[in-house]
Structure formats: structure tokens, C-alpha cells
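Asker: The structure that follows is given in the form of C-alpha cells.
The values are calculated or read from the model by the stated rules, or taken from the named source; none is laboratory data. On a predicted model such as this, the values are computed, not experimentally measured, just so you know. Every residue, glycine as well, gets a Cβ built from its backbone with ideal geometry; the counts of neighbours run over all protein chains shown. These accessible areas exclude ligands, DNA and RNA; they are computed on the full protein's heavy atoms, side chains included. Shrake-Rupley method; radii C 1.70, N 1.55, O 1.52, S 1.80 Å.
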Amino acid sequence: MSTATTALLEAPAPAPVRKALSYSSDDIKRMLPHRWPMLMIDRAYDVVPGVSGRGVKSVSVNEPFFAGHYPDHSIMPGVMIVEAMAQLVAVVYVAEILEGAAGTGEDDASRSVGYLGSISNMKFSRLVVPGDQLTLDARLGQRLGGLRQVKVRASVGSELAAAGTLVVTTGRKG
């Protein structure tokens, strides 16, 4: 046997490639317990379950928070941007559960959505206004017991709007 053949036989098998998934707004409603007016993301894509994902939040002048958040100068509140990023994190997390539950009869994955535990180093660098489309990114990091650290960012086109770190619970109690 040649050394090249021997090396191939002895090499560890490559890690399985996880397929990136996409979710429509209807899919997201099945994945998350949130409903209007608190359902903040319109679509999720490039979701690698349990690892990372991207999402979209189209910002409309009809959002209920614009009525009271600077009515003469409409800007999306930072807390709502953070909520949109946290909901994308929940989609990435629930997608992992759904992938693991395929064929197990798991009928309500939304019950496994945890809570936002902390927000760290969040920086807002651009106002988000009606007509903008937020592109959201989330990359899950290390587990800390029942918590998970996540790097998140939101941008409008090529401009960064917000970035920071969230800590989320990996399940609900009670």
C-alpha cells in the first residue's frame, strides 16, 4: 500500500457538514412564542442549527413604538434592536432542537426558548429609521452551565447599527 493511501486510511473522518437552513415568518411563528407586536424578525437564513444564523427585520413606519419614541423624529429604540437580535438567537437555538427532534414527535419547540440574561458591550453606531432593513447576525459561543454566550450584530446595508454580546438561558423554567 502506498504511503498516500495509508495516510488517507489513517486520517480522521472529516466533521459532518451542517447544512444552512432558511425560515420564513410563518416558520418563525412556529419556532418562537412571540407574537405581534413583539415578534421582531421577518426571516432567518444561513442558519446553522446551534451555531450561527442571519436574519432580517424590515423596519416599517407602522411599528407601534414609533408612536411614542420621538414621534417627530422616528428612530427604532435600541432595546428593540437588541430584542430582534435575541430572537434570531432563539431561532438558531430552536433550529438545533428541531434538528435533534426530527421524528421524535416534538410538537412545540417554542416552549424551549429561554430568556435574555444579560447584554454586554453593546454599542449602537447608527440610527435605525423607518424604511431601513436590519440584517442581523448571531454566532453562539460557549455554554456556561444553563447559559450561552452569543456575539450579535445588526447592520443596515454596509453600515453597522449595533454589536455586542448577549447571554441567554438555554431553556425555560416554570
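Asker: Residues in the stretch 154-173: is at least one surrounded by fewer than 16 Cβ atoms within 10 Å (Cβ to Cβ), within 27 Å of LEU21 (Cβ to Cβ), of a type outside the set (Val, Ile, Thr) and touching a Phe, Trp or Tyr at 6+ places or on another chain (Cβ under 8 Å)?
Answerer: yes
Asker: Pairs under 7 Å by beta carbon, first residue of a type in the set (Phe, Trp, Tyr) in the stretch 52-79, partner surrounded by 15 or more Cβ atoms within 10 Å (Cβ to Cβ) and assigned to a loop (DSSP other than H, G, I, E, B), six or more apart or different chains?
Answerer: Sorted first by the residue in the stretch 52-79, then by its partner, the pairs are PHE65/PRO77; PHE66/SER74.
Asker: May I pose another question? For the stretch 121-142, which residues satisfy the criterion of being open to solvent by 40 Å² or more (accessible area, probe 1.4 Å) and either modelled with pLDDT of 95 or more or out of contact with any strand residue (DSSP E or B) (no Cβ under 8 Å at 6 or more places or on another chain) (or both)?
Answerer: Matches in the stretch 121-142: ASN121, LYS123, PHE124, SER125, ARG126, LEU127, VAL129, PRO130, GLY131, GLN133, ARG139.
Asker: Just the residues that are open to solvent by less than 50 Å² (accessible area, probe 1.4 Å), of a type in the set (Val, Ile, Thr) and either over 20 Å from THR135 (Cβ atoms) or part of a helix (DSSP H, G or I) (or both), please, taken from the stretch 66-91.
Answerer: Within the stretch 66-91, ILE81, VAL82, VAL89, VAL91 meet the criteria.
Asker: It is to be established whether one or more residues within the stretch 69-87 are among the aliphatic types (A, V, I, L, M) and more than 19 Å from PRO33 (Cα to Cα).
Answerer: In the first step, residues of the stretch 69-87 are kept if they are among the aliphatic types (A, V, I, L, M); the result is 75-76, 79-82, 84-86.
If we keep only those that are more than 19 Å from PRO33 (Cα to Cα) too, we end up with 75-76.
Looking through the stretch 69-87, at least one residue is among the aliphatic types (A, V, I, L, M) and more than 19 Å from PRO33 (Cα to Cα).
Asker: Checking the conditions here, which among VAL94, VAL61, VAL47, VAL51 is over 18 Å from LEU166 (Cβ atoms) and of a type in the set (A, V, I, L, M)?
Answerer: One residue alone meets the criteria, VAL61.
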